[in-house]
Amino acid sequence: MSKREIKGWGLRWAWRSTGEVASIPPLGQAAYGKIHAVATTVLDGLPVAVTASQDGSLALWDLATQQQIGSTLTGHAGSVYGLATATLDGRPVAVSASNDKSARVWDLATGRPIGSPFTAHDGIVRGVTTSTLNGRAVAVTGGSDGAVRVWDLATGEQLAKPFIPYEYAAKHVATAELDGRTVVVSNSALGEIRISDLATGEQLGEPFTAHKDTVSTLATTTLHGRPVVVTGGHYDGTVRVWDLATRRMVGEPWTGHDRGVDGVAFTTIDDRPVALSAGVDRTVRLWDLATGKQLHVFTGHTDYVWSVDVAVLDDRPVAVTGGSDGRVRVWDLRFGLEAAESSVGQMRAVTTATVDGQRVVVTGGDDHSVRLWDLTSGQPIGQPLTGHNGPIRALATVDDRAVAVTGSDDCTVRIWDLATGKQLGAPLTRHTAAVSSVATSSATGQPLAVTAGADKTVRVWNLATGQEIGAPGVSHRRWVRAVGTAVVDGAPVSVSGAFHGGLRVRDLASNRAISSSQHHGTPVLQLATTEVGGRAVALTASEVRWNRQRDVPVELWEVATNRLIGKLPVVNVELLAVASLDGQPVAVTTKGSLVEVWDLTTRRQLGRRLQLPGVVTAIAMNESGDIVGCFASGVAVFAAE
């Protein structure tokens, strides 16, 4: 870029129709595969997450920037399934438990191990937690040898004798305060829960069975001032709360997961205690700890979710999860708690505008409405703009005016004053089928809109008068999916994508045909116009299903000559948008939930690939470099960094 170097894009906000900020896109793809454990802490005043993987390595992530910190931490010879964090001599550390029969302590500031590994277990180590004993920071581990062991984090010394409460593996361990002493809560491979004195290993009271079958996770907290343990069932998929003093279940089992529960964590939102559960059904669920009411379901992982922990990010409580899809995800819990159902429906069109000095996002969707959102905060602005009687498929704004033009399945084109929220004039009704594309231009000295759709026509409208200019362009044989505007040799033109894969160019002032390319390729699904090297250029993306080849690239066409001048190194693009960023042309492309940005001068990718919480249904970029994407019934904004 000529004026500034764009390093990438960071998520500013993401919002769903349910009222909550959606999951922050994954922090990264673990090159080492499945993420088995996640724990959070604070490093140099910043919230971070530690993840443990299938190959035995650990990674550290900055939750604010969504970037990995440093290199992976290696040393284990087997998968790591247990992970906990603590503070040792004022510095944050992590303790990992591995299938290699050891546990290790890591200095998170340096990424180096502290001391020698803990190797006394005669079997796989999967359970680990941290606590204090007689003023010393300790780790508690549980192994497949049935033993629970306590370790001094500073020296690596094993404290007291190990206690062996189980004939089979001690799978999970947690600590709590019960009757004035610190206790260890553990479970066996068969689901039996035992409570032991941390200092002596003495078993306190009789064991109890939390689930009919295997307990796949457990964690401790307090509820109404009493210590409780919350367990997840491997086969029954329920979450249960148990009073540690009475060994009795509090309330009824929580149901919602349709498969095993493998992670539990707790936090408080507005003085309301809540719990999170992570499941094999690929969901993360938010519960009211006191009542067991399910408050929200977070979806986005594409495979088992193994672990969950909580942190505070920008003064907001968040959950951090990891799973078999190799992704680390962050979820804003406050908006999950405050979610209020609405009927936004899927959003199909998006753009940006400035209204009364405020930068806004404008969306149109299946609920027939136009909606405005604050570009900075993500908060909805005003009431939806209503009038269409069908889904809104196309949307554009007019240069230097707070005016939007929309096209709908109801066959109409409507003009909106975004400042007042009112429709300007009567709907434009000449189309006889769904309107699929809209572009605007002021290059003729008056605001014009070009519209196209399923009636195979391209029409031009004077937005000031509502009158159609010239006769409709009817040379297309099929649905016209995409139109744009450009200036060629000082003359404003419209550019439309043809079914045979080429372009049709028309004089904008009269809507008369100028030229048509004879590409005879695949139908143009997406089209966007810009200038590259002083030439008007159209970018096209075609429908893959019409192509016998496996990969269909994004093509660049010179509008003046209808000549193919190049391709982007990206294939099978579903959505396409362009912008001028610091005077340089860029393109934004999407495939599924992935978003990529391209420098059109060099045809190289800018920054890292982005990912939305769902399949992208609309995409746009403004002159400030903000990328706006819609996904199902949500919208997200990424800011240039």
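Applying the Karplus relation 6.51 cos²θ - 1.76 cosθ + 1.60 with θ = phi - 60° to the range 279-291 yields 3J(HN,Hα) values of x, 5, 7, 6, 10, 10, 10, 10, 10, 6, 4, 6, 10 Hz, where x marks Gly and Pro. For the pair D400 and T561 in one chain, pulling the backbone fully straight at 0.36 nm per residue adds 55.0 nm over the alpha carbon distance.
What a 1.4 Å probe finds exposed on the chain is 45% carbon and sulfur by accessible area, rounded to a whole percent. Measuring nothing but alpha carbons in the range 574-641 and taking Rh as the Kirkwood radius, the Rg to Rh ratio lands at 0.94. For the chain, the relative contact order comes to 10 percent (Cα pairs under 8 Å, sequence separation of at least 6).
Lysine pair count for the chain with Cα-Cα distance under 25 Å and sequence separation of 8 or more or different chains is 11.
Sum up the charges of everything whose Cβ sits under 10 Å from the Cβ of G201, counting Lys and Arg as +1 and Asp and Glu as -1, but leave G201 out. Once all neighbours under 10 Å are counted, the net charge is 0.
Calculated mean residue ellipticity, 222 nm, the chain: 0 deg cm²/dmol, from DSSP H runs (n ≥ 4) at -39500 (n - 2.57) each, averaged per residue and rounded to 500. Packing, taken as the mean count of other beta carbons within 10 Å per residue, orders the peptides 293-303, 316-326 from highest to lowest as 316-326, 293-303. With R₀ fixed at 30 Å, the C-beta to C-beta distance from E202 to R91 puts the FRET efficiency at about 0.35. Separation of the range 208-284 from the range 449-514 is 60 Å, based on Cα centroids. Here r is the Cβ-Cβ distance between R608 and D374 and R0 is 22 Å; the resulting FRET efficiency, rounded to 0.05, is 0.25.
Take every Cα pair under 8 Å whose residues are at least 6 apart in sequence, average their separation, divide by the length of the range 117-183, and the relative contact order is 29 percent.
Taking amide hydrogens as placed 1.01 Å from N in the peptide plane, the amide H of V488 sits under 5 Å from those of V493, each at least 5 positions away in sequence or on another chain. Sequentially through the range 54-60, phi angles give Karplus couplings (6.51, -1.76, 1.60; θ = phi - 60°) of 5, 8, x, 8, 10, 9, 10 Hz, Gly and Pro residues having no value and appearing as x. Surface listing: D243, D507 arranged by accessible area from highest to lowest gives D507, D243, probe 1.4 Å.
As a length-normalised measure over Cα pairs under 8 Å and 6 or more apart, the relative contact order of the range 49-142 settles at 21 percent. Whole-Hz Karplus values for the range 599-616 come out as 7, 6, 6, 9, 6, 10, 6, 9, x, 8, 5, 9, 9, 8, x, x, 4, 6 Hz, taken residue by residue from phi with 6.51 cos²θ - 1.76 cosθ + 1.60 and θ = phi - 60°; glycine and proline positions read x.
Sorting the segments 181-193, 264-276 by their residues' average number of neighbouring beta-carbon atoms within 10 angstrom, most packed first, yields 181-193, 264-276. Report Rg/Rh for the range 142-291, rounded to two decimals, where Rg is the Cα radius of gyration and Rh the Kirkwood radius. Rounded to two decimals, Rg over Rh is 0.97. For semi-axes √(5λ) of the Cα gyration tensor in Å, the choices are [x] 48, 25, 22; [y] 99, 25, 20; [z] 57, 25, 19; which was calculated from the structure? Read-out taken from this structure: [z]. Report, in whole Å, the centroid distance computed from the Cα atoms of the range 36-114 and the range 359-438. Cα centroid of the range 36-114 versus Cα centroid of the range 359-438: 48 Å apart.
On a per residue basis, the chain carries 39 Å² of accessible surface, using protein heavy atoms and a 1.4 Å probe. Ordering of 44-52, 484-492 by packing is 44-52, 484-492, highest average first (other Cβ atoms within 10 Å, averaged per residue). Anisotropy class assigned to the range 32-159 is oblate, per the alpha carbon gyration tensor with a/c at or over the 1.5 cut-off and a/b no larger than b/c.
The values are calculated or read from the model by the stated rules, or taken from the named source; none is laboratory data. Remember, it's a predicted structure, so these values are computed and weren't measured experimentally. In this analysis, Cβ positions are derived from the backbone assuming ideal geometry, glycine residues included, and neighbour counts consider all displayed protein chains. To get the accessible areas, we keep the full protein, side chains included, count just its heavy atoms, and leave off ligands, DNA and RNA. Shrake-Rupley method; radii C 1.70, N 1.55, O 1.52, S 1.80 Å.
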